[in-house]
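Report on one structure; see the data block that follows.
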Amino acid sequence: MPSLRHAIADDIRIKISNGRFKVGERLPSEAQLASGYKVSTATLRSALAVLHGEGLVEKIHGKGNFVRYPPRRITYIGGGLTPKTEPSADSALRVSVRTTNLQAHGQLTGLLGVSGRSPLTEYLCLSHVGESPYSLARIYVPRDLSPTDVPAESHCYEGVEAKLAELRPPLAELRERVSARRPTPGEAATLRISSALAVLTITRVATDRTGRVVEAALLVFPGDRADALFTTHHMTHEGTSGQ
């Protein structure tokens with residue numbers, strides 16, 4: 001026999017599937033739902049936590065609980081000098097960008113191979129599909145290579161990267177490290193995902209022909225909808241043997 005919280009979660013799940021609670025719509029308040037199901041607020045929140053973990057419902061701070069837009073898969077295409085992501089073709093992807101000047105510290109000194117307090121520029125890029133957060137990227141560039149006219153909003157991540165590349169010298173090497181981990185509290189809140197859901201993280205470090213690191217990027221994707229694709233091209237040499 002299902003527990004009370006799972007019975008409530010099942011009922012809300014059915015109402016979502018039959019359209020009584022529509023995608024993007026705000027659910028009744030927690031107090032109203034608790035009263036309707038004749039349970040305590042704590043039990044109701046426990047039921048909602050089940051739906052949060054499944055990605056069916058998201059809680060937006062200060063606004064309430066909303067039926068989440070269906071997760072759309074994202075494919076990160078690695079191995080190239082320009083990062084690419086491919087959302088589903090029918091999605092309207094937009095990227096908001098926040099630019100901050102800061103000094104190198106902690107992990108950044110090692111990633112960029114610079115001393116502490118070296119001047120950097122951070123580009124915090126949060127992409128959305130519809131109203132739902134889609135992916136998070138933090139891009140770090142030495143201050144002397146930072147363009148001043150990166151738009152605050154773009155229709156694609158590649159557009160932001162193209163603007164960053166204008167002052168960047170030709171790249172000679174690109175290193176990408178892929179890993180999975182639990183999100184930080186800040187990442188979970190920004191992406192509106194459960195803290196129990198793993199995220200796919202990609203650390204990119206781009207180096208020019210002199211060996212200088214000219215860009216480091218920390219990319220975070222919800223693990224329930226992300227793939228990483230790397231293609232290696234091998235050259236085959238055909239020759240004739242000696243006579």
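The values are calculated or read from the model by the stated rules, or taken from the named source; none is laboratory data. What you see is a predicted model; the values in this text were computed from it and never measured. Heads up, the Cβs are rebuilt from the backbone with ideal geometry, glycines too, and the neighbour counts pull from every protein chain shown.
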Checklist outcome for this item: Within the stretch 149-166, residues exposed (fewer than 14 other Cβ atoms within 10 Å of the Cβ) and assigned to a loop (DSSP other than H, G, I, E, B) come out as Asp149, Pro151, Ala152, His155, Glu166
Checklist outcome for this item: The condition from (1) at pLDDT 85 or above; (2) of a type outside the set (Asp, Glu); (3) at negative phi that Gly64 misses is numbered (3)
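Yes/no matrix, rows are residues, columns are (1) without any contact (Cβ under 8 Å) to a residue 24 or more places away in the chain; (2) hydrophobic (A, V, I, L, M, F, W, C); (3) in a loop (DSSP other than H, G, I, E, B); (4) surrounded by 15 or more Cβ atoms within 10 Å (Cβ to Cβ):
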{"residue": "Pro147", "(1), (2), (3), (4)": "yes, no, yes, yes"}
{"residue": "Arg168", "(1), (2), (3), (4)": "no, no, yes, yes"}
{"residue": "Glu176", "(1), (2), (3), (4)": "no, no, no, yes"}
{"residue": "Arg204", "(1), (2), (3), (4)": "no, no, no, yes"}
{"residue": "Val220", "(1), (2), (3), (4)": "no, yes, no, yes"}
{"residue": "Ala228", "(1), (2), (3), (4)": "no, yes, no, yes"}
Item to check | Pick from the stretch 100-130, criterion of a type in the set (Gly, Ala, Ser) and either under 19 Å from the mean Cα position of the chain (by Cα) or loosely packed, with under 14 Cβ neighbours inside 10 Å (or both), ranking: farthest from Glu187 (Cα to Cα) | outcome: Ser115
Checklist entry - Mind checking which pairs have a first residue in the stretch 42-55 that is within 20 Å of Val23 (Cα to Cα) and assigned to a loop (DSSP other than H, G, I, E, B) and a second that is modelled with pLDDT under 90 and among the basic types (Lys, Arg), Cβ under 9 Å, 6 or more apart or different chains? => result Gly55/Arg68; Gly55/Arg225
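Residue under question is Val205, and the condition is that it be more than 27 Å from Gly53 (Cβ to Cβ), touching a strand residue (DSSP E or B) at 6+ places or on another chain (Cβ under 7 Å) and at pLDDT 95 or above; does it hold?
When the stated conditions are applied, Val205 passes them.
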Next on the checklist: Of the residues Leu164, Leu200, only one is at pLDDT 90 or above, touching a Phe, Trp or Tyr at 6+ places or on another chain (Cβ under 8 Å) and not β-branched (Val, Ile, Thr); which?
Outcome noted: Leu200
